[in-house]
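Read through the structure below, which is laid out as structure tokens, and then see the notes.
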Amino acid sequence: MLQGMTTNTCCGAPAGCKRVMPSCCAAAGRVRLIASQWARHLGATVIGTVGNDEKAELARAHGCHHVIVYNRENFTERVREITGGQGVAAVHDSVGKDTFMGSLDCLRPLGMMVSFGNASGPVPPFEPAILAAKGSLFFTRPTLMTYTAKRADLLASAAELFRVVSSGAVKSKCGKPIRWLKPPARTVIWKRARPPVPPCCCLEAATVAIRLTPASLQRMKCTPTRSP
């Protein structure tokens, strides 16, 4: 949910992923795999950058029209080659320091640079004049919390995420399943506000239940209620 709404923030209002406009992004992480599919759904031609051939196949399977293995190729030159020298309308950069200048060089005039991660470290301070020199570029560093600060915007973002997922336009493969902890069968639920814990009690991890002996309950004059 968090990753999907973060993607909506990056591919939505600030992103520049408009119909048939090329977009470039690092394509192997969970957010980036969602972003590739979402950008393609919006009509963008998606160029993904990855570190090896295995990730390249993963990126292609998740919406990328073109994949660049940056360990073997200069990604800036390849983007220019793919776009016929024009550059892309938007770059979504989650790497940070190591790719910042190269990402700017991928953009066409008036292009949008969306920085949303610092995998290689934070982007160092830079002169705004660089954006002018490279074609009157736009730069943004969006955060989900800002774009969903108003409840109406939060609900709209969540609704949009559910819409693209339910339509099949965006697929997210779950990783390792979570094993939920359950209270033991003989657990009682504490019904008094902030009671003292007697020595014979044992807190159950990851639950709000406390195991008590019948003698303890009698001393504290509480009525136990069995958990379902």
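The values are calculated or read from the model by the stated rules, or taken from the named source; none is laboratory data. It should be emphasised that the depicted structure is a prediction, and the values quoted were computed from it without experimental measurement. Cβ coordinates were reconstructed from backbone atoms using ideal geometry, including for glycine residues, and neighbour counts include every protein chain displayed. Ligands, DNA and RNA are stripped out before the accessible areas are found, and what is left, the full protein with its side chains, is counted by its heavy atoms. Shrake-Rupley method; radii C 1.70, N 1.55, O 1.52, S 1.80 Å.
Summary table
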| read-out | value |
| --- | --- |
| Flag if residue 104 is over 26 Å from residue 172 (Cα atoms), touching a residue at least 24 places away in the same chain (Cβ under 8 Å) and of a type outside the set (Asp, Glu) | yes |
| Failed condition for residue 15, given (1) in contact with a Pro (Cβ under 7 Å, 6 or more places away or on another chain); (2) at pLDDT below 90 | (1) |
| Residue within region 147-168 that is of a type in the set (Val, Ile, Thr), open to solvent by 60 Å² or more (accessible area, probe 1.4 Å) and more than 20 Å from residue 39 (Cβ to Cβ) present | no |
| Those residues of region 100-118 which are at negative phi and open to solvent by 30 Å² or more (accessible area, probe 1.4 Å), in sequence order | 101, 105, 108, 109, 112, 116, 118 |
| Residue count, region 107-151 (criterion: farther than 29 Å from residue 161 by Cβ, in contact with a Gly (Cβ under 8 Å, 6 or more places away or on another chain) and either touching a residue at least 40 places away in the same chain (Cβ under 8 Å) or among the small types (Gly, Ala, Ser) (or both)) | 2 |
| When residues of region 25-82 are limited to those that are among the aromatic types (Phe, Trp, Tyr) and open to solvent by 20 Å² or more (accessible area, probe 1.4 Å), the one farthest from residue 113 (Cα to Cα) | 70 |
| Test: residue 121 is under 22 Å from residue 39 (Cβ atoms), open to solvent by less than 50 Å² (accessible area, probe 1.4 Å) and not basic (Lys, Arg) | no |
